[in-house]
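Each remark here refers to the structure printed beneath this line.
The values are calculated or read from the model by the stated rules, or taken from the named source; none is laboratory data. Not measured: the values here are computed from a predicted model. In this analysis, Cβ positions are derived from the backbone assuming ideal geometry, glycine residues included, and neighbour counts consider all displayed protein chains.
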Amino acid sequence: MDFKERLREIPDWPKEGINFIDITTLVKDGQVFKKAIADMAAPFRGQGIDLVVGPEARGFLIGAPLAYELGAGFVPLRKPGKLPAETAQVQYQLEYGSDSLEIHQDAIKPGQKVIIADDLLATGGTIAGTVKLVEELGGKILGISFLVELTFLNGKGKLGGHPVYSLVQY
């Protein structure tokens, strides 16, 4: 299936010179979304994945159904102040600013097999921060999965050599 034709490009959003890749046109089609999640799960089947970690907010759209597909748990990374128990935090750089994420300190047990999932890999800042948090908690990252990868931004280079899988590349 050509998932790229199911995505929408929005020129000059959120600012001039950026072509935003809109996934809402893909995820609103149940059969296409189901196939995309099944294809994203394929490299991880039979590996005993314990957890899928997804950063707020679009990582929830991809990570939770991916976890369900793999029979794994889902761990959300949230913006500061959104999680009720003790947290670990990381700050990271975005294409056009900086941000931070938090994870419950007891969300990942040392040695658990983890994959990280998000909608899109651009410069890699959000996922590099996610990798740092997962590794600080002792998770063993088996791979990082994206619906879309903007290869020209070389985001993979910030991800510590972890295997990266993406359904669509620009």
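Count, please, the residues in segment 72-105 that happen to be on the phi < 0 side of the Ramachandran plot and assigned to a loop (DSSP other than H, G, I, E, B).
Of the residues in that region, 11 qualify.
Exactly one of these conditions fails for residue 139: (1) touching a helix residue (DSSP H, G or I) at 6+ places or on another chain (Cβ under 9 Å); (2) at pLDDT below 95. Give me its number.
All conditions pass for residue 139, except number (2).
So, of the residues in segment 111-146 that are in a loop (DSSP other than H, G, I, E, B) and touching an Asp or Glu at 6+ places or on another chain (Cβ under 7 Å), which turns out to be nearest to residue 48 (Cα to Cα)?
112
Is it fair to say residue 99 is touching a residue at least 60 places away in the same chain (Cβ under 8 Å) and under 26 Å from residue 8 (Cβ atoms)?
So residue 99 fails the test.
Which residue is farthest from residue 101 (Cα to Cα), if the candidates are limited to segment 114-128 and must be out of contact with any Lys or Arg (no Cβ under 8 Å at 6 or more places or on another chain) and in contact (Cβ under 8 Å) with a residue 40 or more places away in the chain?
Among residues in segment 114-128 that are out of contact with any Lys or Arg (no Cβ under 8 Å at 6 or more places or on another chain) and in contact (Cβ under 8 Å) with a residue 40 or more places away in the chain, the one farthest from residue 101 (Cα to Cα) is 115.
Which residue is farthest from the chain's Cα centre (by Cα), if the candidates are limited to segment 7-57 and must be buried (at least 18 other Cβ atoms within 10 Å of the Cβ) and of a type outside the set (A, V, I, L, M, F, W, C)?
The extreme case among them is 50.
Conditions first: (1) at pLDDT 95 or above; (2) in a strand (DSSP E or B). Residue 108 passes all but one, so which condition is the exception?
In the conditions (1) at pLDDT 95 or above; (2) in a strand (DSSP E or B), residue 108 misses (2) alone.
Just to be sure, is residue 2 of a type outside the set (Gly, Ala, Ser), exposed (fewer than 13 other Cβ atoms within 10 Å of the Cβ) and at positive phi?
For residue 2, the condition - of a type outside the set (Gly, Ala, Ser), exposed (fewer than 13 other Cβ atoms within 10 Å of the Cβ) and at positive phi - is not met.
Name the residues in segment 136-158 that are under 12 Å from residue 116 (Cβ atoms) and under 12 Å from the mean Cα position of the chain (by Cα), would you?
143, 144, 145, 146
What residue, among those in segment 142-165 that are over 19 Å from residue 7 (Cα atoms) and of a type in the set (Gly, Ala, Ser), is surrounded by the most Cβ atoms within 10 Å (Cβ to Cβ)?
155
Out of all the residues in segment 122-134, is one or more buried (at least 21 other Cβ atoms within 10 Å of the Cβ), among the β-branched types (Val, Ile, Thr) and modelled with pLDDT under 95?
For segment 122-134, residues buried (at least 21 other Cβ atoms within 10 Å of the Cβ), among the β-branched types (Val, Ile, Thr) and modelled with pLDDT under 95: present.
Of the residues that sit in segment 9-58 and are basic (Lys, Arg) and part of a loop (DSSP other than H, G, I, E, B), which one is nearest to residue 110 (Cα to Cα)?
45
Would you mention how many residues in segment 147-170 are part of a strand (DSSP E or B) and in contact with a helix residue (DSSP H, G or I) (Cβ under 8 Å, 6 or more places away or on another chain)?
Of segment 147-170, the ones part of a strand (DSSP E or B) are 147-149, 164-169.
The next check asks that each one be in contact with a helix residue (DSSP H, G or I) (Cβ under 8 Å, 6 or more places away or on another chain); those that pass are 147, 149, 164-165, 167-169.
Total satisfying the criteria: 7.
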